[in-house]
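This report concerns only the one structure given below.
No value in this document is a laboratory result; all are computed from the given coordinates. Everything quoted here is computed from the prediction, not taken from an experiment. Every residue, glycine as well, gets a Cβ built from its backbone with ideal geometry; the counts of neighbours run over all protein chains shown.
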Amino acid sequence: MVMATQSKTTVAAVAADKLKGASAPIVAVVSRLADLLDEETQQLEKNDVSNLGYFIDQKSRSLLDLSRALAAHENTSSVIGLDDELTRLRRSYEKNRSTLGIHLASVQEITEIIATAMQQAESDGTYSTRIAR
């Protein structure tokens, strides 16, 4: 009977270890996504928009990886470290969203300035369609 109990305990321990190992990819994916958002935010804060295409691609891939990792688990509430990484991801996301919002507002302001200048140029007769007689 003691042997059966030890065997069950060993099987349970092996199963728990496998679950922990299988859970690690979810935590790693969330961590990579948070790191990526932090990196993009740093670039935006430096006004370096040369890598936006790269960040868009990487965020798309990371979200796909996260979707796949989550699909592999029915219950993520027991994943060790996931709550902490999700909290970090949320902070990274909020800062990134705010920084992107600032850049978007700047682009909108510039667009309005250009549109106003074009309207004023049209109304001063520069592009008039009058035919000289």
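If R0 is taken as 30 Å, the Cβ-Cβ distance between residue 57 and residue 90 corresponds to a FRET efficiency of 0.85.
What does the highest-first list of 114-123, 70-79, 85-94 look like by mean Cβ count within 10 Å?
85-94, 70-79, 114-123
The modelled label-to-label distance between residue 116 and residue 28, using points 7 Å beyond Cα along the C-beta direction, is 5.3 nm.
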